[in-house]
Amino acid sequence: MPDSNDNITLFLFRTLENIPMPASLHWVVSIVLSVSLFFLLGYAVHYIKRRLIPRVSQAIVTRTPFKWDDKLEKHGVFLWVVNTLIALWFVVLAKTFFGGLVAGGVDFGLLTTSIANILFIATVVMLIDATLNGLLEIYRGTAVSRQFSIKGFIQAVKLIVFLCGFIFTLSVILGKSPIFFLSGLGAITAVLMLVFKDPILGFVAGIQISANRMLRVGDWIEMPTHMADGDVIDISLTTVKVQNWDKTITTVPSYELISRPFKNWSGMQDSGGRRIKRSIMIDLRTIRFADAAMIDKFRKIKLISGYIDRKCSEIEAHNSKLGIEPCEGLNGRAVTNIGTFRAYCEAYLQSHPGIHKDMTFLIRQLEPTPEGLPIEIYVFTSDTRWVQYEGIQSDIFDHLFAILPHFGLAPYQSPSGNDLERVGLTLRDAMEART
């Protein structure tokens, strides 16, 4: 005769006592019937859930005007809500069928209730996980997600939830209070910090990156130490994925972004302008004063015709005050081809539709070098997209290099093999002519 409180198994046992058979057989039959009825009810609920719930949830979601419920349904939130209710129902059934039942030294009530409780804990954990995944996808559909990523925080919450689920499961299996396990965590903290050093560093760095908004999905970053140069496609709790321009993927640990320098180009993209900083090396031997014929030639260039008139009038007024004849450029001021070229560069870029006029605009001479006189173009394009930026920059320098001869200037270029060969041929012809 089993020791038990009132439950369905005991009810079946007492009902079967009226049937003439051994008492032990009464017990076996009552257990078998109770377990069969328990699993039959469980299968019936599972069948209804599998057949009915997905159709009902899908029908409700498709008829609502909201979009957030579609994403929750996509991640199975509604299905896990039903699973959690079923698991809770199984906890009630376990107590109803086997509560307090002890037979043959086996506590069937404790065993079945523990299994049902573990099932309930697992479904609650999975429900929270699915809900967090749905909320993350809903958040990604908002404009704020471009400025602030919460994936690291979501993963941190998941980690805490799974840890709590593991502790509660252990407490059910071992019959100990969850506080018992929580009090023991302090003793192994030092060991955990040594064993899981990298995940802990990544966890802290991931929170810092998200909280300080150091990085966003879609940012272009450059980190030479990890050969990363491209767009950020994912920011997780411990890693950051970068899709390089050659379409390869570089995974950078989050703590490396805290401890090592990297360049984030998002400021450039948000500003609406992208910098051009490039020099044209002018051969110093081609720089000279402009004579009357050259000045007349400059006046025919529409972009600088007004500049030439103003400059000539200014120089003429200055020289006349000093009593200097216009032809005496050495003693007074005079127009130079290099100065006129700088003025042309400024006028040309001011009229260019691809140049941002409200940002730094500078055409300047740098210190002469053995390769010539650098004329630096320091401006910003109005289009920050890479392909368009490169097209604007190339068009500008195509034009400037092509127009240099009109100013009597030539770019510097190191002697090539053909140049040396021509020099050799010239020397040979000169020697043959003498002989």
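Within region 67-93, no residue satisfies the criterion of being of a type in the set (D, E) and touching a His at 6+ places or on another chain (Cβ under 9 Å). Residues of region 349-364 include at least one that is charged (D, E, K, R), part of a strand (DSSP E or B) and surrounded by fewer than 16 Cβ atoms within 10 Å (Cβ to Cβ).
Consider F168 carefully, then state whether it is farther than 19 Å from F203 by Cβ, at pLDDT below 80 and aromatic (F, W, Y). Considered against the rule, which asks whether it is farther than 19 Å from F203 by Cβ, at pLDDT below 80 and aromatic (F, W, Y), F168 comes out as no. Of all the residues in region 262-321, those that are crowded, with 18+ Cβ neighbours inside 10 Å, out of contact with any helix residue (DSSP H, G or I) (no Cβ under 9 Å at 6 or more places or on another chain) and of a type in the set (F, W, Y) number 0.
Yes or no, residue by residue, for (1) under 30 Å from G267 (Cβ atoms); (2) without any contact (Cβ under 8 Å) to a residue 60 or more places away in the chain:
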{"residue": "L349", "(1), (2)": "yes, yes"}
{"residue": "P353", "(1), (2)": "yes, yes"}
{"residue": "L362", "(1), (2)": "yes, yes"}
{"residue": "Q365", "(1), (2)": "yes, yes"}
{"residue": "P374", "(1), (2)": "yes, no"}
{"residue": "T381", "(1), (2)": "yes, no"}
{"residue": "L400", "(1), (2)": "yes, no"}
{"residue": "L409", "(1), (2)": "no, no"}
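Among the residues making up region 263-309, none is farther than 30 Å from T384 by Cβ and within 30 Å of the chain's Cα centre (by Cα).
Taking region 311-332 as the region of interest, how many residues are within 18 Å of F407 (Cβ to Cβ) and either modelled with pLDDT under 80 or of a type in the set (K, R) (or both)?
Residues of region 311-332 that are within 18 Å of F407 (Cβ to Cβ), as a first pass: 311-312, 315, 329.
Pick out the ones that are also either modelled with pLDDT under 80 or of a type in the set (K, R) (or both) and you get 311, 329.
Final tally of qualifying residues: 2.
Please indicate, with yes or no, whether at least one residue in region 187-206 is modelled with pLDDT of 70 or more and farther than 20 Å from T238 by Cα. Checked region 187-206: no residue is modelled with pLDDT of 70 or more and farther than 20 Å from T238 by Cα.
Between K95, K71, the distinction of being among the charged types (D, E, K, R) and modelled with pLDDT under 75 belongs to K95 only. Across region 98-118, the qualifying residues are those that are surrounded by 19 or more Cβ atoms within 10 Å (Cβ to Cβ) and part of a helix (DSSP H, G or I), and the one among them that is modelled with the highest pLDDT is N117.
The values are calculated or read from the model by the stated rules, or taken from the named source; none is laboratory data. Keep in mind that what you see is a predicted model, and the values were worked out from it rather than measured. Note: ideal-geometry Cβ built from the backbone for every residue, glycine included; neighbour counts use all protein chains shown.
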